[in-house]
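A short worksheet on the structure shown next.
The values are calculated or read from the model by the stated rules, or taken from the named source; none is laboratory data. Treat the numbers as computed from the prediction; the structure is a model and nothing was measured. With ideal geometry, Cβ positions are generated from the backbone for all residues, glycine too; neighbour counts draw on all protein chains shown. SASA here: full protein model, heavy atoms, side chains in, ligands and nucleic acids out. Shrake-Rupley method; radii C 1.70, N 1.55, O 1.52, S 1.80 Å.
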Amino acid sequence: MIRIITRFALMFAMLSATPTLAHESTAAAPGWSLAIHGGAGTMDPDRMTAQQQAEYKAALQAALDAGVAVLRGGGSAIEAVQAAIVLMEDDPKFNAGRGAVFTWEGANELDAAVMDGRDRSAGAVTGVSRVRHPILLADAVRQDGRHVFLSGAGAEEFAGDKGLETMPPEWFATEARREALERLKANKLSALDVDHKFGTVGAVALDSQGHLAAGTSTGGLTGKRWGRIGDAPMIGAGTYADDRVCAVSATGAGEYFIRVGVAHEICARMRLGGDSPQSAADAVMAEVKELGGDGGVIVVTPSGEAVFSFNTTGMYRGRAASTGLNEVAIFEN
Ligand code: ASP
């Protein structure tokens, strides 16, 4: 009762406020927030030239700007995450779309997923090798709504039906990634040893209508075999969004992220346990580490908090919000 009276008193005070105050309250437009990543890993300022650092930062800033433009224009979170990701898919510096890592057999097989926090509609694809923007294909699956997860030839056929842009498989291949596969084979290295970092890309957003979305796109791990699928396209592992609590995109050693159910686990800790986004993300990343996995996550909440958590020495990352926050970073601090 007291609470109801207080609320009425508050409403009355707001209604009878001076025009200036009323104007101020409308001017405080609902906030938006965006976070992106381009992979986590062993990143050492001494191992990257100033030029390389600047190039990565510029690429992150361009992706961030593309997502921000959508949100600032009143666009939806699901559109913003795709706008940020398509740029990184085209950029050979990242392990997604063009510049994806090679499978053991010497092919580029792409995975992607998106999820809309409004209705938890989701779309995911794995093992595609001709679709220029796997993230757009994942969203076409989501919008179609009959299925959530498509693979290989079927996913390519669906892309054709939807008129999505395709490229010859060679378009995705880069010399640096081919050379990484050769080194992995010659020296019997693991995917992380050969790359020192995971280059998956992802984005999470809150739009000014209060809706959340998440998206992730990747070539997976260098030398992956037998149709291996990582966490990125698995809803709940590498990608998850729920308007009630958070949106998450992950990067790292996918097998561990699948076993922990990382993205959903972070949201569950927040929703059921009342954890803050940072403590939920840190706790879940600690679990990944305990099992032997490396990587990181980005998280955005309905109140616009954008947090990073990674158990590696760096993560290509960026965040921006309607509060004026705008930053990109690579190394730990
Ligand atoms: N998580 C991705 C996978 O395991 C790899 C990455 O993050 O780069 O497929």
Between the helical axis of 77-90 and the dominant principal axis of the chain, each derived from Cα atoms, what acute angle in degrees is found, rounded to the nearest 10? 30
Rounded to two decimals, the Rg over Rh value of segment 257-316 from Cα coordinates and the Kirkwood Rh reads 0.95
Segment 224-333: which trypsin sites (Lys or Arg not before Pro) are DSSP loop and have at most 14 other beta-carbon atoms within 10 angstrom? Arg225, Arg244
Longest exposed-site-free window of the chain, the sites being chymotrypsin sites (Phe, Trp or Tyr not before Pro) in a DSSP loop that have at most 16 other C-beta atoms within 10 Å: 105-225
Accessible area of the chain with a 1.4 Å probe: how many percent of it is carbon plus sulfur? 55
D (Stokes-Einstein, µm²/s), Kirkwood Cα radius, the chain, 1.306 mPa s at 10 °C: 79
Write out the GluC sites (Glu not before Pro) in segment 85-166 meeting two conditions: DSSP loop, and at most 15 other Cβ atoms within 10 Å of their Cβ. Glu105, Glu165
Using a 1.4 Å probe, what is the accessible area per residue for segment 139-232, in Å²? 47
